[in-house]
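All remarks here apply to the structure that follows.
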Amino acid sequence: MLELDDSVVDRAIALAARAERVVLGIVGEPGAGKTTLATALIAALEARGVPVAWLPMDGFHLGDGSLEALHLRERKGAIETFDGWGYLAALRRVCAEVDHAVYVPGFERTLEQPIAADRVIPAGPALIITEGNYLLDADEPWSLARAQTAEVWYADVAPDVRVERLIARHVEFGKSRAVAEAWVAAVDEPNAERIRARRELADLIVPVG
């Protein structure tokens, strides 16, 4: 597991102390290690007794049926292939509805599909960790989602490491090496450029591997 500097964990603990519900966003380019950072941070916070919950943006991928209807199957992962308004509504719910559990979708990597009500945000105080590609984007509804967060941290990694991770991930889930490389070049890298253009707006840059 990723080893986090104590200062990073202390900063998250300070955020959690601000209110009963606080949202911390983790953003980064495809393959940067957003989930790695989120899971390491959650483990570190739980070890210190800080209530924490996870709301991944990946659960708001459009399913393949919707992508096909919109002729977007070959752009899966681009900003228009997410239910951004649904994600915003979920963030608003978890911030406002503290007295009962809120169920949110997850994402099954093996199927490459969102799964409804796959994760739960329990009732009561919590630091909500949410991670995904477009939390710093200027377009609505993403700019409105950013407004729901106390801070957004940028998961940062060397470009060659990130690209190789992406290729390996695509191969693991069924693509040939050649097809994976072509997909990364045609789909993932344009998305990465859009995300990287907003990097300096993050509240904290966190190296990940």
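All but one of (1) part of a helix (DSSP H, G or I); (2) touching a residue at least 40 places away in the same chain (Cβ under 8 Å); (3) buried (at least 16 other Cβ atoms within 10 Å of the Cβ) hold for Val9, so report the exception by its number.
(2)
Kindly indicate whether Glu80 is touching a helix residue (DSSP H, G or I) at 6+ places or on another chain (Cβ under 9 Å), within 30 Å of Glu200 (Cα to Cα) and without any contact (Cβ under 8 Å) to a residue 60 or more places away in the chain.
no
For segment 168-179, indicate whether the set of residues that are part of a strand (DSSP E or B), surrounded by 18 or more Cβ atoms within 10 Å (Cβ to Cβ) and not hydrophobic (A, V, I, L, M, F, W, C) is non-empty.
Scanning segment 168-179, I find no residue that is part of a strand (DSSP E or B), surrounded by 18 or more Cβ atoms within 10 Å (Cβ to Cβ) and not hydrophobic (A, V, I, L, M, F, W, C), so the answer is no.
Which of the residues that make up segment 188-209 are part of a helix (DSSP H, G or I), surrounded by 19 or more Cβ atoms within 10 Å (Cβ to Cβ) and among the hydrophobic types (A, V, I, L, M, F, W, C)?
Within segment 188-209, Ala192, Ile195 meet the criteria.
If Arg196 satisfies all but one of (1) under 19 Å from Arg75 (Cβ atoms); (2) out of contact with any Asp or Glu (no Cβ under 7 Å at 6 or more places or on another chain), what's the number of the condition it fails?
Unmet for Arg196, out of (1) under 19 Å from Arg75 (Cβ atoms); (2) out of contact with any Asp or Glu (no Cβ under 7 Å at 6 or more places or on another chain): (2).
State the number of residues belonging to segment 16-28 that are touching a strand residue (DSSP E or B) at 6+ places or on another chain (Cβ under 6 Å) and either surrounded by fewer than 19 Cβ atoms within 10 Å (Cβ to Cβ) or in a strand (DSSP E or B) (or both).
The qualifying residues number 6.
Taking segment 29-43 as the search range and keeping residues that are of a type in the set (Ser, Thr, Tyr) and buried (at least 19 other Cβ atoms within 10 Å of the Cβ), which one is nearest to Asn133 (Cα to Cα)?
Thr35
Kindly indicate the residue of segment 104-138 that is of a type in the set (Ser, Thr, Tyr) and surrounded by 13 or more Cβ atoms within 10 Å (Cβ to Cβ) and also farthest from the chain's Cα centre (by Cα) among those meeting that condition.
Per the stated criteria, the residue is Tyr134.
So which residues in segment 148-189 are within 20 Å of Gly59 (Cα to Cα), out of contact with any Ser or Thr (no Cβ under 8 Å at 6 or more places or on another chain) and not acidic (Asp, Glu)?
Gln148, Val152, Trp153, Tyr154, Leu166, Arg169, His170, Val187
Hey, can you tell me all the residues within segment 92-103 that are loosely packed, with under 15 Cβ neighbours inside 10 Å and part of a loop (DSSP other than H, G, I, E, B)?
Correct list: Glu97, Asp99, His100, Ala101.
So, in segment 53-75, how many residues would count as being assigned to a helix (DSSP H, G or I) and either aromatic (Phe, Trp, Tyr) or touching a Leu at 6+ places or on another chain (Cβ under 7 Å) (or both)?
Residues flagged as assigned to a helix (DSSP H, G or I) and either aromatic (Phe, Trp, Tyr) or touching a Leu at 6+ places or on another chain (Cβ under 7 Å) (or both) within segment 53-75 amount to 2.
Which count do you get for residues in segment 79-110 that are touching an Asp or Glu at 6+ places or on another chain (Cβ under 8 Å) and of a type in the set (A, V, I, L, M, F, W, C)?
Count: 4.
Just so you know, all these numbers are worked out from the coordinates, no wet-lab data involved. It should be emphasised that the depicted structure is a prediction, and the values quoted were computed from it without experimental measurement. Heads up, the Cβs are rebuilt from the backbone with ideal geometry, glycines too, and the neighbour counts pull from every protein chain shown.
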